[in-house]
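The values are calculated or read from the model by the stated rules, or taken from the named source; none is laboratory data. All values derive from a computational prediction rather than experimental measurement. Please note: Cβ atoms are built from the backbone with ideal geometry, for glycine as well, and neighbour counts cover all protein chains shown. Accessible surface is based on the protein model in full, side chains and every heavy atom, while ligands, DNA and RNA are left aside. Shrake-Rupley method; radii C 1.70, N 1.55, O 1.52, S 1.80 Å.
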Amino acid sequence: MTQSSRAIPKGYFKSVLQHDVPASLVVFLVAVPLSLGIAVASGAPIAAGLVAAVVGGVLAGALGGSVVQVSGPAAGLSLVVVQLVQTYGWRATCMITLLAGLLQLLLGAFRVAKAALAVSPAVVHGMLAGVGVVIALSQLHIVLGGKPQQSALENILELPSQIINNHSHAVLVGVLTIAVLVVWTRLPRVRAVPAPLAALIIAAATAAVLGWDLTEVDLSAGFSSLEGPLLPQGDWHAIAGAVLLVALLAGVESLLTCVASNRLHNGPRADLDRELAAQGVANVVSGALGGLPVSGVVVRTTANVRAGARSRWSTVLHGVWVLVFTAFFAWMIALIPLEALAALLLFIGVQMVNLAHARNLRNHREMPIYFVTMVGVVVVGLAEGVALGLGLAALLALRRLAWVSVSVRQAGERWRVVVTGSLTFIGVPRLTDSLAAIPPGASVDLDLNLDFMDNAAFEALHTWRLDHERTGGTVDVDELHGEWYAPAVSGARLRAARTPPKHERWWLPWAYRHPVGGPAQAANGLCAYDEAADGPEAPAAATNGEEHAEQAGKAMPDLLEGTREFHRRTAPFVRPLLHRMARKQTPSHLFITCADSRVVPNIITASGPGDLFTVRNIGNLVPRASSAPPDDSVSAAIEYALKVLEVRTITVCGHSGCGAMAALLGETPELPALRNWLRHGRQSLARYVAFPGTEEDEGPLDRLCRANVIQQLDNLGTHPAVAELVRAGKLELTGLYFDIAAARVHVLDPQHYSPVPELRPS
């Protein structure tokens with residue numbers, strides 16, 4: 001295979017002709033009217049918008065990090081450009097665009113594109129909405145036959161006079177253009193033609209037929225009317241700020257569009273740094289040729305994907321079509337009324353106030369940022385509005401990071417305090433006020449569910465605890481999320497990134513929840529517990545964890561501590577559920593398992609209250625119905641489960657390292673009752689002897705433990721009620737095997753009492 005054949009996949013050119021060429025024509029038809037309108041709104045030469053469309057399509061499309069993103073002049077930048085043109089002139093604005101491109105190229109080379117995504121989307125959407133309002137207000141005056149004012153506020157103040165005094169042909173063509181834009185997408189048969197193009201064609205044709213007196217777009221000179229960039233004159237600080245503003249706004253809009261484009265197609269994911277560098281190259285060339293600033297555009301990108309584009313050829317070709325059209329058919333643009341372009345921009349400006357974005361921001365409580373940015377852009381200016389939005393976003397982020405909730409309530413003779421959030425100096429007044437409500441000498445359960453705690457908060461909390469204990473009270477501190485208080489008491493240095501999250505406590509043994517030495521040593525016990533799970537020193541860590549658990553277990557008084565924790569932690573959550581289940585149980589399984597303390601049915605089956613009707617005994621044995629003397633304990637459970645509870649599944653669950661099976665393999669211990677009970681396991685021992693071992697065996701004990709599960713399923717079949725329901729297909733028998741060391745549950749194959757292949761541990 002040659003190198004060229006490896007580089008170009010089979011059928012590549014066929015895909016380009018079938019998908020990308022038609023898509024490029026659709027995008028071209030969308031891009032031309034939008035580019036013309038944005039040039040008008042920016043106060044730039046008409047050809048500048050077409051130059052930006054060509055350069056954005058060809059260069060940014062060929063070099064960019066996204067295969068479907070379409071770049072060109074963007075309405076979001078028009079407000080910046082019009083201010084630059086008014087301040088420095090058009091040629092100086094081209095130089096600012098060129099310098100902004102160099103800055104973007106530099107930022108892309110240093111791979112900082114992802115940093116732009118740290119800008120709050122609420123600020124970006126608010127900025128675009130504000131720009132849309134400004135564009136709509138200014139273009140509305142042109143549609144009404146007048147001239148736009150210098151600011152949005154002046155446009156609002158002059159609007160009544162404009163409406164009353166101007167009723168020229170401009171109003172008619174503007175209303176016609178907007179009407180076509182609104183209705184066109186709702187007409188199924190003509191939807192293939194882009195609405196902006198259709199609106200301009202219909203408006204131009206109507207104006208020509210009826211002889212309306214309108215202003216025509218002058219593009220007779222084509223690209224030759226453009227002049228090269230010129231160094232701006234004035235305050236270099238302001239010029240540098242303008243370069244930075246254009247670079248950042250165009251870059252952020254391009255990167256956000258790039259990220260959004262990833263959700264529109266299933267092709268290669270976008271490279272943001274490459275995209276930013278490509279936007280820089282496009283802006284350098286566009287500025288040098290006298291074009292508008294270039295950025296990724298959502299409208300054209302969406303149209304490109306919906307038209308079926310598969311590769312970057314669609315974007316590149318759309319730029320080529322714009323170039324060909326301008327070079328050979330520029331005379332057609334002169335037929336478009338300027339007022340129709342203004343109506344198109346008015347429609348686009350209104351669409352930039354995106355209500356869908358507003359609803360999403362409302363769900364995340366970021367609407368204040370959106371509105372402050374939008375109003376700031378409209379009233380004060382683009383840069384100032386963005387700065388106001390960023391400032392408010394930072395303040396709200398700090399407020400959320402410093403948020404803390406303190407709940408104090410009395411539960412019987414004890415008081416419970418729950419502190420949630422980030423406990424910093426800002427929350428100290430709330431904390432101390434809440435703790436002051438607890439009377440001296442009271443017993444207090446203090447639950448800390450904290451993301452962070454600074455020194456001021458620790459000092460306030462620790463001082464209160466010491467003072468409260470001096471009055472004869474008790475304070476039991478429990479940290480539910482992260483260890484902040486206990487290490488601070490022991491003098492350990494806290495690092496937020498290295499502070500391990502707390503384990504969920506409900507499944508941990510008591511020894512790991514309440515070790516000797518208090519909260520500080522609790523963290524050490526949990527660390528030993530974690531280290532026992534993996535790592536090169538796992539055996540030693542496991543031994544340390546076991547020694548720690550053994551010492552801690554001696555300190556546990558009795559079950560009362562566990563019940564107290566249940567009342568504090570779990571009861572409030574399960575009480576509504578248990579209240580509904582109080583009069584009747586409806587379990588789905590009869591679960592027969594060993595009494596071994598390491599086997600917890602609800603953990604290994606992820607079940608809850610009411611799911612399992614459980615029988616536990618030594619060795620998970622099911623005495624046969626014909627056993628003499630009969631065993632009524634297990635039989636009664638089977639009878640009740642089938643006849644009263646109407647379960648449809650019986651599961652027998654054995655486990656590794658079973659002591660009862662070890663006793664069957666060796667001498668029965670001198671425990672008469674146990675020796676008498678283990679007579680029900682003799683059939684399991686016979687099955688073990690009759691069948692040879694398999695490669696899954698980890699030794700004789702492991703094989704006997706699994707053979708015992710299958711034998712107990714056979715023993716279940718000796719009970720008439722079980723056999724009858726199994727034959728009728730109304731009852732299912734299942735064998736499980738719990739490998740304690742691996743913490744894996746296997747479903748056993750009844751024929752060979754080995755794990756079912758697809759459920760074996762990986």
Q.
Quick check on the stretch 574-707: take the gyration tensor over C-alpha atoms, sort the square-rooted eigenvalues as a ≥ b ≥ c, and tell me if it's rounded (a/c under 1.5), prolate or oblate.
A. prolate
Q: Positive end of the charge dipole of the chain (Lys, Arg +1 and Asp, Glu -1 on Cβ, about the Cα centre): tell me which of L395, A270, A486 has its Cα farthest that way.
A: A270
(Q) Report the Cα-based extents of the stretch 605-661 along its three principal axes, largest first, to the nearest Å. (A) 32, 31, 14
Q: Enumerate the whole-percent occupancy of each 5 Å bin, from 0 to the last occupied one, for all C-alpha pair distances of the stretch 232-293.
A: 4, 16, 20, 21, 17, 11, 6, 3, 2, 1
Q: Would you please state the base-10 log of I(q)/I(0) at q = 0.23 1/Å for the stretch 1-96, with intensities from the Debye formula using one equal scatterer on every alpha carbon?
A: -1.19
**Q.** Cα point-scatterer Debye curve for the stretch 144-287, base-10 log of I(q)/I(0) at q = 0.14 Å⁻¹
**A.** -1.19
Q: Using every Cα-Cα pair within the stretch 115-214, state what percent have a distance larger than 19 Å.
A: 58
Q.
Could you derive backbone 3J(HN,Hα) for the stretch 248-265 from the dihedral phi with the Karplus parameters 6.51, -1.76 and 1.60 (θ = phi - 60°), listing whole Hz in sequence and x where the residue is Gly or Pro?
A. 6, 5, 5, x, 5, 5, 5, 5, 5, 5, 4, 5, 5, 5, 4, 7, 9, 8
**Q.** Residue-wise HN-Hα coupling along the stretch 447-454, computed from phi with Karplus coefficients 6.51, -1.76, 1.60 (Hz; x: Gly, Pro)
**A.** 9, 10, 10, 10, 8, 6, 9, 8
Q. Taking a probe of 1.4 angstrom, what is the accessible area of W403 in Å², to the nearest 10?
A. 130
Q.
Quick check for me: using +1 on Lys/Arg Cβ and -1 on Asp/Glu Cβ, what's the dipole size of the stretch 117-259 about its Cα centre, in debye to the nearest 20?
A. 640
Q.
Can you tell me the mean projection area, over all orientations, of the convex hull of the stretch 268-350's alpha carbons? Units nm², please.
A. 7.3
Q: Select from V173, C658, F325 the residue farthest towards the positive end of the dipole of the chain; place +1 on Cβ of Lys and Arg, -1 on Cβ of Asp and Glu, and compute about the Cα centre.
A: V173
Q.
Need one value: the accessible area of D213 in square angstrom, 1.4 angstrom probe, rounded to the nearest 10.
A. 130
Q) Taking the convex hull of the alpha carbon atoms in the stretch 306-362, what volume per residue do you get, in Å³? A) 125
Q | Peptides 630-639, 565-574 ordered by average Cβ neighbours within 10 Å, highest first | A | 630-639, 565-574
Q: Please give the per residue volume of the convex hull enclosing the alpha carbon atoms of the stretch 399-450, rounded to a whole number of Å³.
A: 66
Q: Take every DSSP beta bridge whose two residues both sit in the chain, then give the antiparallel share in percent to the nearest 5.
A: 35
**Q.** Modelled FRET efficiency - R0 56 Å, H237 with Q351, Cβ distances, 0.05 increments
**A.** 0.95
Q | CD proxy at 222 nm, helix term only [per DSSP H run n ≥ 4: -39500 (n - 2.57); per residue of the chain; nearest 500] | A | -17000 deg cm²/dmol
Q.
Accessible area of the chain with a 1.4 Å probe: how many percent of it is carbon plus sulfur?
A. 61
Q) What is the sum of charges around V647, taking Lys and Arg as +1, Asp and Glu as -1, for the other residues whose C-beta is under 12 Å from the C-beta of V647? A) -1
Q: Taking every Cα atom in the stretch 106-149, find the radius of gyration and the maximum pairwise distance Dmax, and write them in Å.
A: 17.0, 49
Q: Could you sort 389-400, 142-153 so that the peptide with the highest average Cβ count within 10 Å comes first and the rest follow in order?
A: 142-153, 389-400
Q.
So for each of 266-274, 56-64, 672-680, 80-88 I average, over its residues, the number of other beta carbons within 10 Å; can you give me the resulting order with the highest mean first?
A. 56-64, 80-88, 266-274, 672-680
Q) Whose amide H sits under 5 Å from the amide H of V475, counting only residues 5 or more places off or on another chain, with H placed in the peptide plane? A) V444
Q. What does the accessible area per residue of the stretch 171-311 come to in Å², with a 1.4 Å probe and no ligands, DNA or RNA counted?
A. 48
Q: With viscosity set to 1.567 mPa s and temperature to 4 °C, compute the Stokes-Einstein D of the chain, Rh being the Kirkwood radius across alpha carbon pairs; µm²/s, no decimals.
A: 39
Q: Work out the length of the dipole vector of the chain about its Cα centre, built from +1 on the beta-carbon of each Lys and Arg and -1 on the beta-carbon of each Asp and Glu, and round it to the nearest 20 debye.
A: 1640
**Q.** Given charges at beta-carbon only (K, R positive; D, E negative), |dipole| of the stretch 292-396 in Debye
**A.** 480
Q. Which whole-angstrom value gives the distance between the alpha carbon centres of the stretch 61-123 and the stretch 281-335?
A. 16
Q: Could I get the Rg over Rh figure for the stretch 222-360? Both from C-alpha atoms, Rh via Kirkwood, rounded to two places.
A: 0.98
Q) How many angstrom separate the Cα center of the stretch 707-749 from the Cα center of the stretch 359-432? A) 56
